Amino acid sequence: MGRWGRGQAGKEGAEHSRKEPSRSRRCAAPCWKPTPNSWCVWACPPRRGISIERVAINVDDSPGLDNDGQQPVDEPIVPDGPAAYFSTLPIKRCAAAVQQAGIYSEISLTAGTFVCNHVFYGLMHLLATEDKQRRGGFIHVPHTPEMPAVLAYGVPSMAVDTATEGLRIVLTTVAEHDTDIKVPWGTTS
C-alpha cells in the first residue's frame, strides 16, 4: 500500500478535479502515442494468468495512501463522467486465443478501485471523449517467479516468456479482429 500515485490517464493539460496532479497524472501524458489501439498492462497479485479487464468504474476507493500521501475514498475519477466504461477490445476472443496456446487466461470483472482501475477508466474516458476511432483496454499479468511477493507469500506467478507470449497473442488478436465472439464467460458471484 501507499506505493502508487493516482491520476488521470491522458494528455497533458486535461482538466482534473484536484489542484496538484499526482505522479501518475504527470507521467501519463508522455506515454500517449497515436496508435489504432491503446491498452495498459500491469503486474498484479494474485492474478494467475493473462487477465483481461472487462469494465472500468468511475470511483477511486484507495486501501491506503498513495505516493502523494492522499487516500481517496469513494471519489469519482471524472466528476460527472459515466459510471463505467467497457473495454472496446475483443476480450473474449483474446482470452480464448491465449488459452488455445496453453496459457492461462481469464476475463476479469474488476480492475479494483485504486491505480489500475483509475488508469483504465482514464484511458477509456479519453478515448470516449477525444478519440472515438481507437479501441482500448487493460490487461493484468501475474508477478514473475522472482518477485519478492511470490517468494515471500507464494502469490501466483508466470514466467516472463510466457506472459510475453500471452500478450503477443492478445496484440495479434486485437489487430486481426474488430468483433468479439459470443461465448459464455460470465460468473455467478
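The values are calculated or read from the model by the stated rules, or taken from the named source; none is laboratory data. A quick note: this is a predicted structure, and the numbers were derived from the prediction, not measured. Using ideal geometry, Cβ is built from the backbone for each residue, glycine included, and neighbour counts are taken over all protein chains shown.
Among residues of region 144-161 that are among the β-branched types (Val, Ile, Thr), those with a beta-carbon under 6 Å from a residue that is part of a loop (DSSP other than H, G, I, E, B) at least six positions away or on a different chain give the pairs Val155/Pro45; Val155/Pro46; Val160/Thr144.
Being in contact (Cβ under 8 Å) with a residue 12 or more places away in the chain and not in a loop (DSSP other than H, G, I, E, B) narrows it down to one of Val174, Val183, so name that one. Reasoning before the result, please.
Values: Val183 fails: not in a loop (DSSP other than H, G, I, E, B).
Matching residue, one of Val174, Val183: Val174.
Could you tell me which numbered condition Arg25 fails, if it satisfies all but one of (1) of a type outside the set (A, V, I, L, M, F, W, C); (2) touching a strand residue (DSSP E or B) at 6+ places or on another chain (Cβ under 8 Å); (3) outside any loop (DSSP other than H, G, I, E, B); (4) at pLDDT below 95? Among (1) of a type outside the set (A, V, I, L, M, F, W, C); (2) touching a strand residue (DSSP E or B) at 6+ places or on another chain (Cβ under 8 Å); (3) outside any loop (DSSP other than H, G, I, E, B); (4) at pLDDT below 95, Arg25 violates only (2). When you look at Val150, is it assigned to a helix (DSSP H, G or I) and at pLDDT below 90, yes or no? It is true that Val150 is assigned to a helix (DSSP H, G or I) and at pLDDT below 90. Each residue in region 89-106 was checked for being of a type in the set (Val, Ile, Thr) and buried (at least 20 other Cβ atoms within 10 Å of the Cβ), and 2 of them qualify. Filtering region 35-61 to residues that are modelled with pLDDT of 90 or more, assigned to a loop (DSSP other than H, G, I, E, B) and either over 16 Å from Gly122 (Cα atoms) or more than 17 Å from the chain's Cα centre (by Cα) (or both) leaves only Gly49. In region 107-115, is there at least one residue being surrounded by 17 or more Cβ atoms within 10 Å (Cβ to Cβ), out of contact with any helix residue (DSSP H, G or I) (no Cβ under 8 Å at 6 or more places or on another chain), among the hydrophobic types (A, V, I, L, M, F, W, C) and at pLDDT below 95? Checking region 107-115: at least one residue is surrounded by 17 or more Cβ atoms within 10 Å (Cβ to Cβ), out of contact with any helix residue (DSSP H, G or I) (no Cβ under 8 Å at 6 or more places or on another chain), among the hydrophobic types (A, V, I, L, M, F, W, C) and at pLDDT below 95. Screening the candidates Thr110, Thr162, Thr88 for the property of being out of contact with any strand residue (DSSP E or B) (no Cβ under 7 Å at 6 or more places or on another chain) and within 15 Å of Ile52 (Cα to Cα) yields one hit, Thr110. Is one or more of the residues making up region 88-106 among the aliphatic types (A, V, I, L, M) and without any contact (Cβ under 8 Å) to a residue 60 or more places away in the chain? No, the conditions are met nowhere in region 88-106.
Yes/no per residue for (1) assigned to a helix (DSSP H, G or I); (2) hydroxyl-bearing (Ser, Thr, Tyr):
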{"position": "Tyr85", "(1), (2)": "no, yes"}
{"position": "Thr88", "(1), (2)": "no, yes"}
{"position": "Lys92", "(1), (2)": "yes, no"}
{"position": "Val98", "(1), (2)": "yes, no"}
{"position": "Gly112", "(1), (2)": "no, no"}
{"position": "Cys116", "(1), (2)": "yes, no"}
{"position": "Met124", "(1), (2)": "yes, no"}
{"position": "Leu127", "(1), (2)": "yes, no"}
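When Leu151, Leu123 are checked against the criterion of being hydrophobic (A, V, I, L, M, F, W, C) and buried (at least 18 other Cβ atoms within 10 Å of the Cβ), Leu123 stands alone in meeting it.
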